[in-house]
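To keep things clear, I will list the structure first and then write my remarks on it.
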Amino acid sequence: MSQRLPTYFISHGGGPWPWIPDMRRMFVNLEASLARMPQEIGGTPKAILMVSGHWEAPEFAVMSSPKPPMVYDYYGFPRHTYDIVYPAPGAPSDLAQRTADLLKQAGLPTRLDAKQGFDHGTFVPAYIMYPEAQVPVYQVSMQHGYSPEAHFALGRALAPLRDEGVLIVGSGLSYHNLRLFGPGAKEPSEAFDAWLEKVLAQDPKARTQSLLEWEKAPYARVCHAQEDHFVPLFAALGAAEGAKATQVYHDKMLMGGVTASSYRFDD
């Protein structure tokens, strides 16, 4: 692809939901938004780079396996969901190395990882986007500590890939408190979601600063007691820091009370 690709921050839903009929019905709006992504980007990308809320390392690890295995990092789901295979190829070796080189050039701690497989923050949305698994998919880990500054720096370092046919997706959740679903999630998730929408509409400099200080948001630590599912936003936005934010998915009353959203960032 010759045009500059957008980046995305997506709410990837709960566990292996596409393979569980009741859950798939609940996430019908999410599925529609993910299925629209190939049309929105206007062509088939060279590869999809995911920063998932389910993989972190001491440094920014770059997945380099040509045929990544599966990682079933969820618990208590039906037995058949532990046999799911999403057989997409990994990044071509030159692309994995190119990605690692960009991070090294930015002064970020980096290594290639030939063993890491697709976690559900990656294979679930990828399956809805490209069910035939024909597009190469690879991941870059988050870094331990969840530093907003470091993950914005990650995104900035990855930004050149947007001009090289790579679709950058931050895969997390705009609300992630596994202990608070149902009616108790309604007020905090609505308030945090409204704050996020307002912040992403700001001019880029103010937007970045507000997100660096995200813990000041209403119910920030209720919605994200541990921010592993929010941090992918920093990478996605860092790679498109001057871009316009467009809400591409919005749901209310998920799991009995959760409000959730996804965004696209394009120039």
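The values are calculated or read from the model by the stated rules, or taken from the named source; none is laboratory data. Because the structure is predicted, anything quoted here is derived from the model rather than measured. So basically every Cβ, Gly included, is an ideal-geometry build from the backbone, and we count neighbours across all protein chains shown.
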Could you tell me whether region 76-83 includes any residue that is touching a Gly at 6+ places or on another chain (Cβ under 9 Å), of a type outside the set (A, V, I, L, M, F, W, C) and free of Cβ contacts under 8 Å to residues at least 12 places away in the same chain? yes
Counting only residues that are free of Cβ contacts under 8 Å to residues at least 40 places away in the same chain and either over 22 Å from Arg4 (Cβ atoms) or in contact with a strand residue (DSSP E or B) (Cβ under 6 Å, 6 or more places away or on another chain) (or both), how many does region 227-249 have? 1
For region 114-140, the count of residues that are farther than 14 Å from Val71 by Cα, in contact (Cβ under 8 Å) with a residue 24 or more places away in the chain and not aliphatic (A, V, I, L, M) equals 5
Find the helices (runs of 4 or more DSSP H) located wholly in region 175-267 whose residues include 1 or more that are surrounded by 15 or more Cβ atoms within 10 Å (Cβ to Cβ) and over 18 Å from the mean Cα position of the chain (by Cα), and list them. 186-200, 204-212, 220-223
Flag for Tyr74 being in contact with a helix residue (DSSP H, G or I) (Cβ under 7 Å, 6 or more places away or on another chain), of a type in the set (Ser, Thr, Tyr), in a loop (DSSP other than H, G, I, E, B) and surrounded by fewer than 18 Cβ atoms within 10 Å (Cβ to Cβ): yes
Among Ala235, Ala239, Ala217, the single one that is among the aliphatic types (A, V, I, L, M) and farther than 25 Å from His120 by Cβ is Ala217
Inside region 145-174, the number of residues satisfying the requirement of being within 15 Å of the chain's Cα centre (by Cα) and of a type in the set (S, T, N, Q) is 2
Single condition Tyr74 does not satisfy, out of (1) at positive phi; (2) at pLDDT below 95: (1)
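Tally time: how many residues in region 56-66 are touching a strand residue (DSSP E or B) at 6+ places or on another chain (Cβ under 9 Å), closer than 18 Å to Val166 by Cβ and assigned to a loop (DSSP other than H, G, I, E, B)?
In the first step, residues of region 56-66 are kept if they are touching a strand residue (DSSP E or B) at 6+ places or on another chain (Cβ under 9 Å); the result is 56-65.
From what is left, the residues that are closer than 18 Å to Val166 by Cβ are 60-65.
Narrowing the set further to residues that are assigned to a loop (DSSP other than H, G, I, E, B) leaves 64-65.
The qualifying residues number 2.
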When Thr81 is evaluated against the numbered criteria (1) part of a loop (DSSP other than H, G, I, E, B); (2) more than 17 Å from the chain's Cα centre (by Cα), which criterion, by number, is the only one it fails? (1)
